[in-house]
Amino acid sequence: MTHLEYLALVAELNRHGHRYYTDDRPEISDEIYDAKMRDLLAYEAQNPLFIDGESPSQRVGGAPLAQFTSFTHPRPLKSLTNVVSDAEFVAFYDRVEKGLGQRDLPFTVEPKMDGLAIAIHYRNGVMSVAATRGDGISGEVVTDNVKTIRSVPQRLSEPIDIEVRGEVVMRHSVFEKHRGDYANPRNMAAGSLRQLDPSITASRELDFFGYQLIGPNIDSHHEMMKLASGLGFQVTPDREVGRGRAWVLDAVTRLYSNRSTYDWDIDGVVVKLDSISLQNELGTTAKAPRWAVAVKFPSVQAQTLLENIIVQVGRTGVVTPVAVLAPVTVGGVVVRRATLHNIEDIERKEIYIGDIVTVQRAGEVIPEVVGRVLRGEDSRPFIMPVNCPECATVLIQNEGEVAFRCTNERCPAQVKGRIRHFASRDAMDIEGLGDALVDVVVDNRWASAPHELYTITEVQWASLERMGAKSAENLVRAFEVSKSCSLARFIFALGIPFIGKTTAETLAHRFQTVEALQAATRDDFLSINDVGEKMAESMCSYFADPVHRGWINGCLSAGVTPVAAARTGGVLAGKTFLITGVLSRPRSEIERDIKARGGAILGSVSSKLNYLVVGESPGSKRDKAIQLTQSGKASIELVSEIGLAEWWV
Ligand code: IVH
């Protein structure tokens with residue numbers, strides 16, 4: 001085979017691959033494809049220096065990474081507002097018409113794929129970066145992993161700059177083949193994409209469906225999707241366009257009744273205003289666009305006997321009534337326990353122990369008891385215990401709060417909950433420290449607060465029943481690994497009331513160090529978008545408490561060194577920047593991102609300026625920069641917002 005023949009074979013195999021993986025309409029048999037592939041691999045084995053970057057053999061992925069790099073999305077990836085009833089949908093629809101002062105607008109209706117969102121950037125038609133959604137503002141770079149997904153083109157049929165967003169999913173058939181410990185295809189898709197070793201991702205046979213295209217100047221979502229498909233993407237199937245509320249509701253119902261015919265999980269229907277200029281006119285809220293909505297499918301329910309109601313004490317002391325049920329299968333999962341939320345809820349629903357109740361499981365959330373079906377003969381009402389079931393402290397109900405609480409911070413249930421949360425996967429991710437082991441640690445009084453975990457020795461671990469020397473060693477290693485965590489994880493691990501993962505990430509971005517976070521005032525907190533009164537209060541009182549300061553200092557002196565993810569590297573160190581024109585995010589945020597990476601912001605265009613970030617309708621700064629550069633007085637490079645973001649990948 002000559003090299004030219006080899007290149008032709010690369011192109012041919014890519015074309016067949018596309019027919020197979022994206023269009024699902026192969027032209028040649030698997031045997032012929034495999035034979036051609038063998039020829040290709042044979043040539044490559046003999047000419048390793050001449051392997052083409054676009055060869056299908058290169059999709060198996062590059063070398064494993066040590067860790068993921070973070071990527072700030074040039075435009076945040078918002079989520080969708082959910083509606084669960086016709087009435088809520090009608091409210092959305094009417095809001096759109098009212099907001100625009102127009103009626104009978106075209107909408108598209110398409111399935112909501114249940115996977116994880118990613119954004120893929122192409123420059124000159126070549127894939128440059130692919131990143132996970134993350135918290136919507138920044139995600140993780142997974143380019144090599146995304147290259148292993150066959151339904152994602154590495155090169156487009158046109159040399160353009162675009163961003164494609166879509167869902168990475170796993171087919172049911174593939175899930176059944178590989179499943180392992182994963183609970184569902186979505187978890188498995190997410191776990192497979194976040195592998196440091198792309199060859200593992202490659203083996204998981206993921207799929208991608210595009211649902212948004214950014215860049216081309218087209219004023220219609222469905223035309224945009226046609227273009228995406230023409231460029232080589234697999235896009236969400238069964239899209240429909242139509243006008244009028246009744247039509248949209250019909251289309252939603254149609255998709256709903258077809259949902260089980262798909263080979264991947266669909267968890268709702270997305271309704272989008274078709275016109276992109278009208279989408280922009282409506283804009284978005286902090287969380288979600290005003291021009292689209294997700295109609296969620298009703299969750300699965302079943303009926304069973306409510307055998308008992310017990311109470312559980314959480315890590316913040318809140319006491320939750322838990323239903324003990326006669327085991328029942330709900331949507332394929334056996335349910336034995338379900339939440340009853342709080343005492344008021346039980347009273348309102350008039351649920352007694354001994355009743356037959358309806359249990360519901362919606363998505364990932366804990367199963368809940370939604371209501372009573374039948375009153376049993378011996379049914380009796382539930383009475384909230386007076387004392388904490390774990391430490392006998394008298395439970396109290398704060399004014400204005402529904403929940404009962406155990407106020408004893410040393411209550412074993414709280415201590416265990418706190419430590420479990422600290423060690424959990426999204427927090428410090430201490431592998432091997434499961435719930436049962438946490439119980440032992442607390443019952444043995446080896447640790448009564450998170451930081452004390454780090455004082456437990458390998459000898460102590462090894463002394464536990466059923467703990468081999470190897471497991472003890474692994475556990476100690478897991479603790480060591482956890483010490484170099486991201487600041488966001490550390491903040492989340494503290495378990496500050498109302499501070500979830502996303503807020504922890506925002507706080508880490510903003511404050512960069514634990515010390516700065518502890519020193520922050522209420523106003524500092526409130527100046528952050530997405531942080532409200534309740535969160536600010538919660539953080540102030542958390543950090544003011546000497547006990548909590550003790551936990552934090554204890555962790556730091558044990559060697560925990562939380563690092564704010566985005567600022568490592570300092571890729572822009574020594575470079576100067578200025579911004580002109582309208583960008584997708586507030587200028588202050590972009591400046592913050594530049595500074596976070598070591599760059600400096602100048603006040604005006606001068607010979608000291610290295611880069612001018614140019615947005616839409618740039619002002620005179622752009623002209624001046626060009627003029628200075630052309631006259632040789634400066635050397636200023638113009639960069640776009642996307643160009644800038646790619647820089648710090
Ligand atoms: S459009 C600005 N279309 O649902 C809104 N999203 O709950 C852009 N999703 O994060 C989203 N299928 O990952 C859109 N056909 C579809 C979708 C879809 C699944 C996911 C997406 C998003 C989440 C929002």
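The values are calculated or read from the model by the stated rules, or taken from the named source; none is laboratory data. None of the values given here were measured: they were computed from a predicted structure. Methodologically, a virtual Cβ is constructed for each residue, glycine included, from the backbone with ideal geometry; neighbour enumeration extends over all protein chains shown. Note: areas computed on protein heavy atoms with side chains; ligands, DNA, RNA excluded. Shrake-Rupley method; radii C 1.70, N 1.55, O 1.52, S 1.80 Å.
Counting 0.36 nm for each residue step from S29 to A8 and taking away their Cα separation leaves a gain of 5.7 nm. For the pair S588 and M384, label points projected 7 Å from Cα toward Cβ lie 4.2 nm apart. With Cα atoms as the point set, the radius of gyration and Dmax of the stretch 438-505 evaluate to 14.1, 39 Å.
Value of Rg to Rh for the stretch 455-605, rounded to two decimals, is 1.09; Kirkwood radius and Rg both from alpha-carbon coordinates. Grouping the Cα pair distances of the stretch 230-387 into 5 Å bins from zero gives a pair-distance distribution of 2, 7, 13, 14, 12, 11, 10, 10, 9, 6, 3, 1, 0, 0 percent in increasing distance order. Dividing the mean sequence gap of close Cα pairs (under 8 Å, 6+ apart) by how many residues the chain holds gives a relative contact order of 10 percent. Angle of helix 501-511 to the longest C-alpha principal axis of the chain, folded into 0 to 90 degrees and rounded to 10: 70°. Here the mean projected area of the convex hull built on the C-alpha positions of the stretch 1-46 is 3.0 nm².
Using only Cα atoms and rounding to the nearest 10 degrees, what angle (0 to 90) does helix 587-596 make with the longest principal axis of the chain? Here the helix axis deviates by roughly 90 degrees. For the stretch 469-550, taking the reciprocal of the average inverse distance between every pair of different Cα atoms yields a Kirkwood hydrodynamic radius of 13.7 Å.
Taking the chain, the Cys residues with no second Cys beta-carbon under 4.7 angstrom are C485, C540, C555. Across the stretch 399-478, the volume of the C-alpha convex hull divided among the residues equals 102 Å³ per residue.
Using the alpha carbons alone, the radius of gyration of the chain stands to its Kirkwood radius in an Rg to Rh ratio of 0.98. Rg over Rh for the stretch 3-77 works out to 1.11, both radii taken from alpha-carbon positions and Rh defined as the Kirkwood radius. In the chain, the calculated helix contribution to ellipticity at 222 nm averages -10500 deg cm²/dmol per residue, counting -39,500 (n - 2.57) for every DSSP H run with n ≥ 4. Tell me the carbon and sulfur percent of the accessible area for the chain, rounded to whole percent, probe radius 1.4 Å. Its accessible area is 50 percent carbon and sulfur atoms. P(r) tail, the stretch 309-349: Cα-Cα pairs separated by more than 13 Å, 58% of all pairs. Summing +1 for each Lys or Arg and -1 for each Asp or Glu among the other residues whose beta-carbon sits under 15 angstrom from that of L609 gives +3.
What the stretch 293-419 shows is 52 Å² of accessible area per residue, with the surface traced by a 1.4 Å probe over protein heavy atoms. Using the Cβ-Cβ distance between K177 and A392 with R0 = 56 Å, the FRET efficiency computed as 1/(1 + (r/R0)^6) comes to roughly 0.60. Rounded to the nearest 10 degrees, the angle from helix 221-231 to the longest Cα principal axis of the chain is 60 degrees.
Dipole magnitude for the chain: computed about the Cα centre from +1 point charges on Lys and Arg Cβ and -1 point charges on Asp and Glu Cβ, it is near 1160 debye.
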